[in-house]
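A short write-up of the structure that comes next.
Values in this text are rule-based calculations from the coordinates and carry no lab data. The model shown is predicted, which means the values in this text are computed figures rather than measured ones. Cβ sites come from the backbone with ideal geometry, for glycine too, and all protein chains shown count toward neighbours.
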């Protein structure tokens, strides 16, 4: 999005991220845990704190979530690959961002095709009416989500080729034969 109208809209959306969010508090809570290791700076963002946490049990994740809530934070935790833990403001996941953008542009979620390969893409697949593409190299938790879901296509190809395959499945490309 570009232009004067969208600058203020995007600023308003970004302002929503700060509600219930403090990067310093998140880092303090996660940094105090013995099994967490902060990921390199290239993976960090003002609205995302990324950590390594190997083979965390559901109980461990619930404990971390409680500690973050007790610190007064309103966050979403995304755990994937059995090692990657991302902490985001509750309103900052991809699904909420996409729903907001579609609303601003007057696009129905049933007109949208999303694609992904890890758990941080999950919220987009959960949008009501949105069609999805899970590429062949996706993590098991996302592949499981696609099973028996007619709105999610499981591509046989990996990476970008899987996305292209899925777009063809959803008939996104114009018919060039006519």
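Full extension of the chain between residue 137 and residue 43 yields a length gain of 31.7 nm, computed as 0.36 nm times the residue separation minus the alpha carbon distance.
Each of residue 118 and residue 35 was given a label point 7 Å from its Cα along the Cα-to-Cβ line. The distance between the two points is 2.0 nm. Among 62, 115, 155, the residue with the largest mean-square fluctuation in a Gaussian network model of the chain, with springs joining Cα atoms closer than 10 Å, is 62.
For the stretch 94-169, the percent of C-alpha pairs falling in each 5 Å distance bin, counted from 0 to the bin holding the largest distance, reads 3, 18, 29, 24, 16, 7, 2. Fully extending the segment from residue 14 to residue 67 would add 16.6 nm, taking 0.36 nm per residue of separation and subtracting the current Cα-Cα distance. For helix 4-17, report the angle its Cα long axis makes with the longest principal axis of the Cα atoms of the chain; keep it between 0 and 90° and round to the nearest 10°. The helix 4-17 is inclined about 40 degrees to the chain. When peptides 15-25, 92-102 are ranked by their average number of other Cβ atoms within 10 Å per residue, the highest-first order is 92-102, 15-25. Here are labelled values, (i) 0.94; (ii) 1.06; (iii) 1.01, and one is the computed Rg/Rh (Cα atoms, Kirkwood Rh) for what I pasted. Which one? Answer label, from the structure shown: (iii). When the Kirkwood radius is taken over all Cα pairs of the stretch 4-91, what Stokes-Einstein diffusion coefficient follows at 4 °C and 1.567 mPa s, in µm²/s? After rounding, the answer is 95 µm²/s. Helix 58-70 and the long axis of the chain differ in direction by around 70°, with both axes built from C-alpha atoms. Our note on the geometry: Cα centres of the stretch 26-83 and the stretch 119-159, 24 Å apart.
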